[in-house]
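Chemist: Can you read through this structure? Questions will come right after.
The values are calculated or read from the model by the stated rules, or taken from the named source; none is laboratory data. Since the structure is predicted, the reported quantities are computational estimates derived from the model, not experimental observations. Positions of Cβ are backbone-derived with ideal geometry, glycine not excepted, and every protein chain shown enters the neighbour counts.
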């Protein structure tokens with residue numbers, strides 16, 4: 001099975017990160033995830049983030065940083081790639097049933113999609129190595 005790249009946008013507002021609740025009828029339905037989607041063959045991760053966030057949340061992406069972390073989604077062909085993203089606008093969910101800005105502590109106790117849970121654990125464990133939510137801004 002060839003891997004399918006998926007971009008996950010890590011958007012920060014203060015100490016909170018943006019997540020969306022997956023629709024109940026989809027895989028991992030009802031769980032929270034970082035917004036994003038599949039990287040098409042002719043796209044860069046930045047292109048995919050711009051397209052997906054415009055379609056799913058009506059956000060205009062102004063910056064996409066370097067890859068923070070990647071996680072293979074178990075029992076699927078997906079590799080989730082987490083990128084720091086900055087945007088303009090307020091998120092209006094079209095794909096997710098809800099969106100929320102949650103702190104790292106709130107995320108750690110929230111029902112997350114498996115790959116997103118692994119990323120949050122990585123991010124929490126990396127706080128002393130300058131990869132905390134406050135360090136994902138543009139440098």
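Chemist: Would you check which residues across region 9-39 are in contact (Cβ under 8 Å) with a residue 60 or more places away in the chain and within 11 Å of the chain's Cα centre (by Cα) and list them?
Modeler: Passing the criteria: 9, 10, 11, 12, 17, 18, 19, 20, 32, 33, 34, 35.
Chemist: Let me ask you something else. Looking at (1) surrounded by fewer than 19 Cβ atoms within 10 Å (Cβ to Cβ); (2) part of a strand (DSSP E or B); (3) touching a strand residue (DSSP E or B) at 6+ places or on another chain (Cβ under 6 Å), can you tell me which one residue 12 breaks?
Modeler: All conditions are met except number (3).
Chemist: Just one of 52, 95, 58 is within 14 Å of the chain's Cα centre (by Cα), surrounded by 13 or more Cβ atoms within 10 Å (Cβ to Cβ), modelled with pLDDT of 95 or more and within 18 Å of residue 37 (Cβ to Cβ); which is it?
Modeler: 52
Chemist: Just for region 65-109: of the residues that are without any contact (Cβ under 8 Å) to a residue 40 or more places away in the chain and in a strand (DSSP E or B), which one is nearest to residue 40 (Cα to Cα)?
Modeler: 70
Chemist: Something else now. Would you point out the residue of region 98-124, among those that are under 20 Å from residue 63 (Cβ atoms) and out of contact with any helix residue (DSSP H, G or I) (no Cβ under 8 Å at 6 or more places or on another chain), that is surrounded by the fewest Cβ atoms within 10 Å (Cβ to Cβ)? First the steps, then the outcome.
Modeler: Filtering region 98-124 down to residues under 20 Å from residue 63 (Cβ atoms) leaves 99, 101, 119, 123.
From what's left, out of contact with any helix residue (DSSP H, G or I) (no Cβ under 8 Å at 6 or more places or on another chain): 101, 119.
On the way: 101: 15, 119: 24.
Result: 101.
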